[in-house]
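The values are calculated or read from the model by the stated rules, or taken from the named source; none is laboratory data. Just so you know, these numbers come straight off a predicted model, no measurement behind them. Using ideal geometry, Cβ is built from the backbone for each residue, glycine included, and neighbour counts are taken over all protein chains shown.
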Ligand SMILES: Nc1ncnc2c1ncn2[C@@H]1O[C@H](COP(=O)(O)OP(=O)(O)OP(=O)(O)O)[C@@H](O)[C@H]1O
Ligand SMILES: [Mg+2]
């Protein structure tokens, strides 16, 4: 009995060591979260990662949504197969050098959902960090499923030294209420809130180019003030965000002059200020 206990302890320690070793090679870790589903976390994560990669940083993007892994679709790499050796799993690479890991690469049966209890999800997420050959990264961007369930909790526990969370919200009152929960959740887990992003904020009319305030605007900024956290920016509702996502190219790559792409780049500037990579503009 004693022997078995010893073996288990040893295995845990070896796993921990791999996790710590991998995390030590990653300078910044950014966790993208929201209280409510469908507000644009995956879109925001994909555009942050792509923008940072295009700026010359080495970047990894971890899709931590076990039940609804959408990131590979946003880069049209969902049919990719993972390879690896005794040193670990090789993430899928999107040019120029963005490394992506997702449950979607492991589960190919899209019609049957992954039905997993907490401990299995915890094990998978741990492997996604410890057993993947991320190498030396400037940034690891983690896209979470909505809410405060197993995945956000596990990621917060696996990466306690993360730079912090980017909380995505939309301007409707319900979404804002939920974003308050996300801020509270980050704080309870001692994760810094890098800031709030208000997505789907105003609609750019494709005909006249003027902005229509579909769901009001400014709620995210107010929530940021109330919580005393930075406001990272407003991203307009832009049909091109959907079409470019469906075509496998984040909007900042597909149409860098579009209002949404310009807004995303400003948001990334603000994130870089928050993690100390850029000086705040006067
Ligand atoms: N600024 C935007 N303009 C237009 N469409 C958008 C915008 N942001 C996101 N979308 C669209 O909204 C849908 C939901 O976005 P996304 O999948 O990123 O949300 P999510 O918060 O990750 O959802 P989930 O909670 O299910 O993980 C997608 O079809 C996406 O293309
Ligand atoms: Mg998502």
(request) Evaluate the following for residue 272: is it assigned to a loop (DSSP other than H, G, I, E, B) and either within 19 Å of the chain's Cα centre (by Cα) or under 25 Å from residue 98 (Cα atoms) (or both)? (result) no
(message) Being surrounded by fewer than 18 Cβ atoms within 10 Å (Cβ to Cβ) and closer than 19 Å to residue 25 by Cβ is the filter here; which residues of the range 50-88 pass it?
(response) 56, 84, 85, 86, 87, 88
(request) Might you let me know whether the range 18-40 holds any residue that is farther than 30 Å from residue 177 by Cβ, more than 16 Å from ligand 2 (Cβ to nearest atom) and under 13 Å from the mean Cα position of the chain (by Cα)? (result) no
(request) Check 198, 151 and return the single one that is out of contact with any strand residue (DSSP E or B) (no Cβ under 7 Å at 6 or more places or on another chain), at pLDDT 90 or above, within 16 Å of ligand 1 (Cβ to nearest atom) and within 30 Å of residue 23 (Cα to Cα). (result) 151
(message) For the range 41-84: of the residues being closer than 18 Å to residue 256 by Cβ and out of contact with any strand residue (DSSP E or B) (no Cβ under 8 Å at 6 or more places or on another chain), which is farthest from ligand 2 (Cβ to nearest atom)?
(response) 56
(request) Check the range 124-136 and report whether any residue there is touching a helix residue (DSSP H, G or I) at 6+ places or on another chain (Cβ under 6 Å), at negative phi and within 16 Å of ligand 2 (Cβ to nearest atom). (result) yes
(request) Restricting attention to strands (runs of 3 or more DSSP E) lying wholly within the range 39-91, give those where 3 or more residues are within 16 Å of ligand 1 (Cβ to nearest atom). (result) 59-63
(request) For the range 201-245, enumerate the residues that are within 13 Å of ligand 1 (Cβ to nearest atom) and assigned to a helix (DSSP H, G or I). (result) 220, 239, 240, 241, 242, 243, 244, 245
